[in-house]
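Structure, as structure tokens:
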Amino acid sequence: MTRDRPSSLDFVGRKDEIAALIDHLSGQNIELRGHARNAPRFDAGWSRDDDVFIAEVKSLTGASEDQQIRLGIGQVLDYAHQIQLARTFGRVRPVLVLEKQSADPRWTSLAEASGILLTWAPAFAGC
């Protein structure tokens, strides 16, 4: 991951969610990082100890909630897998960040079974 803070231009349509996530992590003295050159274009990343967190952020308004969550799961698993293959130490943790809690509780158990941290604004539990 780069040392640069992600540009708000990278998050068109998700600015509110990204800003809230940045504020949440900043409160823990964790700085959000962008993706490295030629790396998967994940929405947000940060480190804690040897763990690297790779996040995909999804808005649930104006689109099929189920479709957005399915897309986000696939994206974050792909990004995490690509980055893990390139790492020689530590663990890559996929995170799916939603603008709000899903109406369907099945996504929480699916994410857990798949090794994905599923979280949402405003509390971002687990982050």
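The values are calculated or read from the model by the stated rules, or taken from the named source; none is laboratory data. All values reported here derive from a predicted model rather than from experimental measurement. Cβ coordinates were reconstructed from backbone atoms using ideal geometry, including for glycine residues, and neighbour counts include every protein chain displayed. Note: areas computed on protein heavy atoms with side chains; ligands, DNA, RNA excluded. Shrake-Rupley method; radii C 1.70, N 1.55, O 1.52, S 1.80 Å.
Of the listed peptides 69-75, 50-56, what is their order by residue-averaged count of other C-beta atoms within 10 Å, with the highest listed first? Before the final figure, lay out the partial values.
On the way: 69-75: 18.0, 50-56: 20.6.
Top to bottom by mean Cβ count within 10 Å: 50-56, 69-75.
For n ≥ 4 DSSP H runs only, could you compute -39500 (n - 2.57) per run for the chain, divide by its residues and tell me the 222 nm figure to the nearest 500?
Numbers: 3 runs with 42 residues, N = 127.
Here the helix-only value at 222 nm equals -10500 deg cm²/dmol.
In the list (i) 13.6, 40; (ii) 14.1, 45; (iii) 18.8, 57, the label attached to Rg and Dmax of the Cα atoms in Å as derived from the coordinates here is (i).
Taking a ≥ b ≥ c as the square roots of the eigenvalues of the Cα gyration tensor, an a/c ratio of 1.5 or more together with a/b no larger than b/c marks the stretch 20-61 as oblate. Can you tell me how the stretch 64-127 classifies by the Cα gyration tensor, rounded, prolate or oblate, using a/c under 1.5 as the rounded cut? Taking the square roots of the gyration eigenvalues as a ≥ b ≥ c, the stretch 64-127 is prolate. Think of a 1.4 Å ball rolled over the protein heavy atoms: the chain then has 56 Å² of accessible area per residue.
Only Cα pairs within less than 10 Å get springs; with that Gaussian network setup on the chain, which residue of PRO94, PRO40, PRO105 has the largest fluctuation? For the chain, modelled as a Gaussian network with Cα springs under 10 Å, the answer is PRO105.
In percent, rounded to a whole number, the relative contact order of the chain is 22, using alpha-carbon pairs under 8 Å and six or more apart. Share of carbon and sulfur in the accessible area of the stretch 61-107 stands at 52%, probe radius 1.4 Å.
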